[in-house]
1. Rounded to a whole number, what is D in µm²/s for the chain from Stokes-Einstein with the Kirkwood radius over alpha-carbon pairs (25 °C, 0.890 mPa s)?
2. Straight-line reach from residue 39: which lysines have a Cα under 18 Å away, not including same-chain ones fewer than 8 places off?
3. Could you work out the local net charge near residue 32, counting Lys and Arg as +1, Asp and Glu as -1, over the other residues with Cβ closer than 10 Å to its Cβ?
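Values in this text are rule-based calculations from the coordinates and carry no lab data. These numbers come from a predicted model, not from an experiment. Please note: Cβ atoms are built from the backbone with ideal geometry, for glycine as well, and neighbour counts cover all protein chains shown.
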Amino acid sequence: MKAEIEIECDRPDIVIKALEPEIEETKKFDVKIEAERDKIKLEFESEDISGLLAGINSYMRLVKTSINGMEE
């Protein structure tokens, strides 16, 4: 199963740098993160829906925290 999410962001490079320590291979899912001009692109892959949802939920929280931290 695969999912792709794009999030608009003023400084995607900063968000990705903040996420780099969190990027690791897990047994439940794989994730690829790319910065584009004004957005972040996340690609998730998993064998099952629970792994896919675990990855999406984890990274959405991390991205939200990073973006909120930049706005403060």
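1. In µm²/s, the coefficient is 199.
2. Candidates past the 8-residue exclusion: 17, 64.
3. Net charge around residue 32: -4.
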